[in-house]
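The values are calculated or read from the model by the stated rules, or taken from the named source; none is laboratory data. Here the structure is a predicted model, which is why all the values come from computation and not from measurement. So basically every Cβ, Gly included, is an ideal-geometry build from the backbone, and we count neighbours across all protein chains shown. Just the protein is used for accessible areas: all its heavy atoms, side chains included, with ligands, DNA and RNA removed. Shrake-Rupley method; radii C 1.70, N 1.55, O 1.52, S 1.80 Å.
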Amino acid sequence: MFDKHPHRGTPLRHTALASAVMAALGGSMIATPASAVDLTFQFTAVGDGGLFTMLDPNGAPAQNTSYPYYGDPTWGYGVRTQISGTITIDPATMAGSMNIAPFQFFDGDPNFPATAKNITFTDASSDPLNTGGGTLLLGNMQFDWNGNNNIPVSIVWDATGLMTAISGGLSVGDVVVGGASCTTCATPASEGIRKGSLPIGPIPVATTSLDPTHTGGASSVGILPLAGDDGIGGSPMQAGPFPGFNANFDFLTLTLISDGSGPTFTAPAAVNFTAPEQSTPANISVDLGTVTDEAPGGTTVDYSIDGKPLSDPTKTWVADDNATNTVSVTATDTVATLTVDWRATDTFGSQSFQTQGVTVTITDTTAPVITSTPADVVVSVASTADNVCFGTLAATDAIDSAPLVQWSHDGFTFFTANTSDNCSTGFGPNVNTVTWRITDDTGNVTTYAQTVTLNLPVGITGKACTIDLATAGLRLVDGNFTMRTASGSITGSIDTGVTGNIDTTVFCTDPDIANCNPNPPAVTLNSGQPFFGFNWTAAPVRLFDQGTWTFESCPFPRSFDSANNDWIGADGSTKCGDATTPNPITMTVAPGQLGAHMLFDWASNVAIDVVVVWDVNCNKFQLTTTDPDGDGILASQMVDGPFKGFNAAFDLNTVAGEPPIADGGYTVTIPTVQNPVDGESPLPLTTLPLPVFTADPDALRSCVGGCAKFSTTELRSGTDTAGAYQYTQVVLPLSETTPFWSLYRKYDEATNSWVPFVIDGRNNVLTAPLDPVSNECPEPGNGAYDRPFSGALADKLRENDWCVQLTIEDNGPNDANPAVGTVDDPGGVAEVASGVLPSPSTSGGGCTISSNPDAPARDGTWWLVTGLLGWLGWRMRRVR
């Protein structure tokens, strides 16, 4: 259907147009030669004139991260992007062209918005696949985005609704719309995405799921005959950064702005204006340029920036002054866009219209300024579970009135700060670093490091973290790959299935980075899952030791544009760098770190330069991605490829059974506390230096989960049939779970030998899993502690537990200290072969074996060693 709105000027010449349109629409809508004038229709972003939608190779919508969701949520703006422009069509041949104003797309460079250009279309109604008999148009265009230029895009449109409206007769100012009453309108093929939650309905010109035949290559053109129907709106792109993706352009509301009989003129070209850094909102003066080629004589030209429809009689027009047309653009953000309507009127009152796009970008390269910082914190706590407060930070920014202030325990996961005080659990023992990150609305970042030190009661320590880079040969690795946008948000799914190998003995040491391509390469990495529909590989990957390294990343072969002092890459990308270093990317590798430079291949994009600087330590990952460019986002921003400005992070471990790069550091400074008893306080457990434990000859492995040695004078009183005695009870957290066939074994320092741990009515060893809520070991006496009491595993340790509970009698068979009132224990869990060692249950001192071995723990007041199985910041011993 179409609405006729009031308008000025002469009506459409119905006789000539009608004969042409009837010829064009005759039969099965196949165009026949006829004489007709071109009709020009305008669509605007305001009022949903045009919508752009990108579908991936599976037909799922891609979120345009340059725009938030807003408006009616059923439309899903952000998935559908509003566009504006014009369509010019010859009704006799159904051929014509389009102009689409540039728009922001997928966090691309705001100074170079997405641009659809050289858009033409021809009649495709006679194709055999047009079984519905409607009007099909085959369109071709070129698309520029983020330095990727001339990407070929082909689309098959159904324009039956528009052509039917034209055949009914239109006048300038009439509006063609869709809706249920438009019985000849087609529904876009993207209508069903997200289970129909983004409806458009019948519209005058709709993108179909038909695909043309492609000529292929970097300049692919869609041609007839049509190749088929893949069921996905749009036609898969053949080249560029998104091969296989489908661009959809749908036109919902079209206003006839020229019937070809009005005056002719050339409106100013689109304006991309860069304004100096300033606060927003701002009113910025922009010169629109001048109009040329007005004809016939006496034609007058004016323009409007009020955004109202052309047919609105209240629309405000300003006369062209034939010199400088200056307007004020209101910028509420650092990027503002404006659509300018131009109108030419001849002496007979006939009118024609054109549109002009204006983009204003405020330069903002200054990071926020910190105005106050929190003091470093040193606090004594009873447990790492205690809530610790560490203050707040304030900052200002020249443009953003409220820059985002965040903090992080680990530099990876950030939390929004409040303005009064910030408190949190989750700190580890000893010194912690709180990373503060302040980000303005254009992504400029300032960071600040604060230390929070937790003083815990003295506890048990594991072995120091050791680094082994000297193991020659390729070691298998696995880990994660994460891509973040320039603003720090994760884009795509985190790839948790990364695999590959690494040889940490192969370094590039040449300062000029020549002759640094060993075979096999030092590192290769492969994807475990597709990233935006395509798998990736990273090979070769070169390793670098301490120092600062700079790489050229402009694609070869390249040429130098002396006029603009700029390089042009093989892919046509410009802004490749200056005359000295084409498109440089730099990384600095500090002590205790490894640097890597990789060539990353994804989809049809090859040799994308990525640099990563890893911390080498005993954290969750042995190789942990850092933030070498200091923007507060892990990894370094890429300078080439389809994701310029994005950050690629790779976190890796050697796989089980391979020599580790980093080993140890597995636990703990553990507070010793007592179950709550009125009038009593937590009391310390003394940590003793770990002896050099000789391997247990009767065990497959000694000290599974860590050796331990402690001493305590804090004992409790107990009684049994043999009389009164003193005992202690502690819990030791392990760094790995108890094996299938295992025992707790005592270490005799006098003889450097291992002996059984005696289990009787006063001594016992039980195990338990971590508490599912606190993720810590349960308190002594908790019913979760147990062990097998029958069968082949009787009196062995239960399998797959993290926590060992020891009940030790003072001066009993398991106390290594002969002094009364002090209990010492060196020992650890031993993995043994079945049947090698006898059951540790023996009679000690004439006591009988208890049928309830944990009975001494039942009075409810036991000593607890609670552990945080975290990774301490031990000094690393680097082995070459």
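Here are some notes:
- Screening region 225-342 for strands (runs of 3 or more DSSP E) wholly inside it with 2 or more residues that are surrounded by fewer than 22 Cβ atoms within 10 Å (Cβ to Cβ) returns the ranges 264-266, 271-275, 282-287, 292-295, 300-304, 326-331.
- Here D400 meets the list (1) closer than 23 Å to T624 by Cα; (2) in a loop (DSSP other than H, G, I, E, B) almost entirely, failing just condition (1).
- Under the condition of being more than 33 Å from the chain's Cα centre (by Cα) and in contact (Cβ under 8 Å) with a residue 60 or more places away in the chain, the residues counted in region 198-209 number 1.
- The condition of being surrounded by 17 or more Cβ atoms within 10 Å (Cβ to Cβ) and in contact with a Gly (Cβ under 7 Å, 6 or more places away or on another chain) holds for only one of L198, L162, L170, that being L198.
- Residue selected from region 382-402 under the condition modelled with pLDDT of 80 or more and among the aliphatic types (A, V, I, L, M), by the criterion surrounded by the fewest Cβ atoms within 10 Å (Cβ to Cβ): A402
- Here the condition is being at pLDDT 90 or above and either surrounded by fewer than 24 Cβ atoms within 10 Å (Cβ to Cβ) or more than 17 Å from the chain's Cα centre (by Cα) (or both); of L634, L594, it holds for L594 alone.
- If the condition is being touching a residue at least 40 places away in the same chain (Cβ under 8 Å), aliphatic (A, V, I, L, M) and surrounded by fewer than 22 Cβ atoms within 10 Å (Cβ to Cβ), then region 710-732 contributes L715, A722.
- Residues that are modelled with pLDDT of 50 or more, more than 38 Å from the chain's Cα centre (by Cα) and outside any loop (DSSP other than H, G, I, E, B) do not occur anywhere in region 9-26.
- Filter pass, G828 being modelled with pLDDT of 85 or more, open to solvent by less than 30 Å² (accessible area, probe 1.4 Å) and farther than 15 Å from L743 by Cβ: no
- Residue ID - nearest to F481 (Cα to Cα), chosen from residues in region 512-527 that are open to solvent by less than 50 Å² (accessible area, probe 1.4 Å) and not hydroxyl-bearing (S, T, Y): L525
- Residues that are among the hydroxyl-bearing types (S, T, Y), at pLDDT below 85 and in contact with a strand residue (DSSP E or B) (Cβ under 6 Å, 6 or more places away or on another chain), drawn from region 485-530: none
- Test for V655: is it open to solvent by 20 Å² or more (accessible area, probe 1.4 Å), touching a strand residue (DSSP E or B) at 6+ places or on another chain (Cβ under 7 Å), at pLDDT below 90 and β-branched (V, I, T): no
- Condition met for T482 (assigned to a loop (DSSP other than H, G, I, E, B), at pLDDT 90 or above and among the hydroxyl-bearing types (S, T, Y)): no
- The condition (being under 30 Å from V431 (Cβ atoms) and free of Cβ contacts under 8 Å to residues at least 60 places away in the same chain) is satisfied by just one residue among T371, T324, T316: T371.
- Given (1) open to solvent by less than 20 Å² (accessible area, probe 1.4 Å); (2) modelled with pLDDT under 80; (3) on the phi < 0 side of the Ramachandran plot, number of the condition A92 does not satisfy: (2)
- Per-region count, region 781-791, residues open to solvent by 30 Å² or more (accessible area, probe 1.4 Å) and either closer than 17 Å to V730 by Cβ or not in a loop (DSSP other than H, G, I, E, B) (or both): 3
- Options V692, V639, V677, V731: the member that is at pLDDT below 85, part of a strand (DSSP E or B) and of a type in the set (V, I, T): V731
- Check on T215, modelled with pLDDT under 95 and of a type outside the set (G, A, S): yes
- If you go through region 486-499 and keep only what is under 28 Å from P659 (Cα atoms) and either open to solvent by 30 Å² or more (accessible area, probe 1.4 Å) or without any contact (Cβ under 8 Å) to a residue 60 or more places away in the chain (or both), you end up with I494, D495, T496, G497, T499.
Residue-wise test of (1) open to solvent by less than 20 Å² (accessible area, probe 1.4 Å); (2) closer than 13 Å to L743 by Cα.
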position: E779; (1), (2): no, no
position: L793; (1), (2): no, yes
position: Q805; (1), (2): yes, yes
position: I808; (1), (2): yes, no
position: P813; (1), (2): no, no
position: V820; (1), (2): no, no
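- Filter result (of a type in the set (D, E, K, R) and over 20 Å from I203 (Cβ atoms)) within region 47-65: D56
- Residues that are crowded, with 23+ Cβ neighbours inside 10 Å and not in a loop (DSSP other than H, G, I, E, B), drawn from region 615-631: L623, T624, T625
- Region 403-444: number of residues that are at pLDDT below 90, closer than 15 Å to I370 by Cα and either part of a strand (DSSP E or B) or open to solvent by 70 Å² or more (accessible area, probe 1.4 Å) (or both): 0
- For region 742-764, the count of residues that are surrounded by 15 or more Cβ atoms within 10 Å (Cβ to Cβ), without any contact (Cβ under 8 Å) to a residue 12 or more places away in the chain and either in a strand (DSSP E or B) or touching a helix residue (DSSP H, G or I) at 6+ places or on another chain (Cβ under 9 Å) (or both) is nonzero.
- When we screen Q82, Q63 for residues that are modelled with pLDDT of 85 or more and open to solvent by 10 Å² or more (accessible area, probe 1.4 Å), the only hit is Q82.
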